[in-house]
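All remarks here apply to the structure that follows.
The values are calculated or read from the model by the stated rules, or taken from the named source; none is laboratory data. Nothing here was measured: the structure is a model prediction, and the numbers come from that model. Note that we place each Cβ from the backbone using ideal geometry, even for glycine, and neighbour counts take in every protein chain shown.
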Amino acid sequence: MEAPVVAALIASGAALATSVLTAIVTVRNARTQAREGRRAQLDTARRNHQRGAYADLVSTTRTYLRATVEVLTIAETLDRNGSDEGLRNAKGTQVYLDADTAKNMHVRLKAVLDSSAVTDAAVLIDLEGPPAVAERAAEVQRRATHLERALETAGYLDDPGPARAKTDFVALEQALKAFVESAKAHLSSHI
């Protein structure tokens with residue numbers, strides 16, 4: 001065989017191999033881009049779902065805080081009524097609430113003390129994650145439960161301390177703030 005024919009055959013074989021390799025690389029790149037596109041769509045959908053779950057916890061916790069702030073003074077009054085110091089009138093004389101007034105105050109407390117919406121929202125975040133945000137959500141749930149118990153037992157325990165519900169209220173506010181910061185950090189981490 002003559003050299004030019006051999007060179008042409010080698011060149012056409014090399015061109016064929018290059019074409020096959022180019023086709024393989026093109027198919028791989030297309031598959032990779034499609035897979036990354038699907039992942040990006042899934043990641044966007046998941047982040048939107050997380051955002052919604054996080055917003056639900058913030059909203060329900062704020063609603064719970066607004067409802068309970070209105071009755072904190074009732075809880076403190078009931079606690080003082082049951083303490084050794086008791087309530088004092090304008091002259092400084094110790095006075096006690098009558099049974100009907102105390103009962104009405106307990107009814108008002110029970111109307112707002114249910115923290116189940118906060119618990120439900122926190123459970124959803126436990127499923128959605130990530131773990132750091134779920135831990136903060138669980139802390140919000142724990143604090144809401146503590147506040148609920150403080151309001152529920154106001155005036156009934158031997159030594160509840162008049163500031164217990166207020167302390168639990170402030171702790172819930174702080175836990176919510178820490179959750180919001182954690183959620184913001186997570187949602188901003190992939191931007």
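Restricting attention to region 36-84, report how many residues are modelled with pLDDT of 80 or more and not in a helix (DSSP H, G or I).
The number of residues fulfilling the criteria is 2.
Give the number of residues within region 88-141 that are part of a loop (DSSP other than H, G, I, E, B), exposed (fewer than 12 other Cβ atoms within 10 Å of the Cβ) and modelled with pLDDT of 85 or more.
0
Does region 114-122 include one or more residues that are touching a residue at least 60 places away in the same chain (Cβ under 8 Å) and closer than 18 Å to Val170 by Cα?
For region 114-122, residues touching a residue at least 60 places away in the same chain (Cβ under 8 Å) and closer than 18 Å to Val170 by Cα: present.
Where the second residue is surrounded by fewer than 10 Cβ atoms within 10 Å (Cβ to Cβ) and of a type in the set (D, E, K, R) and the first is free of Cβ contacts under 8 Å to residues at least 12 places away in the same chain and under 25 Å from Ala121 (Cα atoms) and lies in region 31-55, which pairs have Cβ atoms under 9 Å and are six or more apart or on separate chains?
From region 31-55, no pairs qualify.
Report every pair of residues separated by at least 6 positions or lying on different chains whose Cβ atoms are under 8 Å apart, first residue within region 95-108 and among the aromatic types (Phe, Trp, Tyr), second surrounded by 15 or more Cβ atoms within 10 Å (Cβ to Cβ) and part of a helix (DSSP H, G or I).
Note: pairs meeting the criteria are Tyr96/Asn81.
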